[in-house]
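Readers should treat all values here as calculations from the given coordinates under stated rules, not as data from a laboratory. Being a predicted model, the structure only gives us computed values, none of them experimental. Note that each Cβ is placed from the backbone with ideal geometry, even for glycine, and that neighbours are counted across all protein chains shown.
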Amino acid sequence: MAAHFPINHHLRPLYRLLAGVTGLYMLVFGVVGFVQTSGASLFTRHETEWVLGLRTNPAFALLSLVAGVVVLGANLIGRNVAHQINQLAAVILTIVGMASLAVMQTEANVFAFSMVNVIVTFVLAGVVGVASLYDRVGTSSAAKAEEDFRHGPRAA
């Protein structure tokens, strides 16, 4: 059974905006974090900095910068590119949050995650995940066909 996402949802611009702001946060965090941690070794756990409320090292800052560019760029482009990227970003952020939670107190914590980082990662995953549910674009006939499939044909 396939998922049924609304097409041309009336709140699509709002959801794209929220996902874009999420991408902008990741981008700004990545840039500021990379500047603040410059000079430290890439995967350091001891020379970390607190940036925009999150603990970071150069590797996590760089990863956030790239993720921010991708999510923000996709939501600026819009169309179904945003839909696909937002879905993928939500899944990846959820996996990163779970994995980071699992290794937080071990040497495998290469991105120097703290509990705050994990919580923020889950919040960002939730925002882009919800946005991906409502940002699908299509023709008006495709939107009507999706609605008819979901609710049954309506009498005209």
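Taken along the Cα-to-beta-carbon direction at a fixed 7 Å, the label points for Asn80 and Met98 span 2.7 nm.
Give me the extension gain from Val35 to Ala145: residue separation times 0.36 nm, minus the current Cα-Cα distance, reported in nm with one decimal. Present the calculation step by step, with values, prior to reporting the outcome.
Details: separation 110, 0.36 × 110 = 39.60 nm, distance 4.99 nm.
Additional length available on full extension: 34.6 nm.
One quarter of the convex hull surface built on the alpha carbon atoms of the chain amounts to 10.3 nm², the projected area averaged over directions. Report, in degrees rounded to the nearest 10, the 0 to 90 angle that the Cα long axis of helix 140-151 makes with the longest principal axis of the chain. Result, in degrees: 90.
Loop-only check: which GluC sites (Glu not before Pro) in the range 59-156 are DSSP coil with at most 15 other Cβ within 10 angstrom?
Numbers: sites: Glu107, Glu146, Glu147; in loops: Glu107.
In loop regions of the range 59-156 (DSSP not H, G, I, E or B), the sparsely surrounded GluC sites (Glu not before Pro) are Glu107.
Approximating the spin labels as points 7 Å out from Cα along Cα→Cβ, the His10-to-Ser114 distance works out to 4.4 nm.
Taking Cα pairs under 8 Å and at least six residues apart, what relative contact order does the range 12-151 come out at, in percent? Before the final figure, lay out each step's value.
Details: 213 pairs, mean separation 43.1, N = 140.
So the answer I get is 31 percent.
Counting only the backbone N, which residues of the range 107-121 are under 19 Å from the spot 7 Å out from the Cα of Leu42 toward its beta-carbon? Residues 107-113 fall inside that zone.
For the range 8-68, state which chymotrypsin sites (Phe, Trp or Tyr not before Pro) are in a DSSP loop and have at most 14 other beta carbons lying within 10 Å of their beta carbon. List each step's numbers first, then the result.
Values: sites: Tyr15, Tyr25, Phe29, Phe34, Phe43, Trp50, Phe60; in loops: Phe43.
Of the chymotrypsin sites (Phe, Trp or Tyr not before Pro), the ones in loops of the range 8-68 whose Cβ has at most 14 other Cβ atoms within 10 Å are Phe43.
Working note: 222 nm ellipticity from helices only, DSSP H runs with n ≥ 4, each -39,500 (n - 2.57), summed and divided by the residues of the chain, gives -22500 deg cm²/dmol to the nearest 500. Axis angle, to the nearest 10 degrees, between helix 79-103 and the longest C-alpha principal axis of the chain: 40 degrees.
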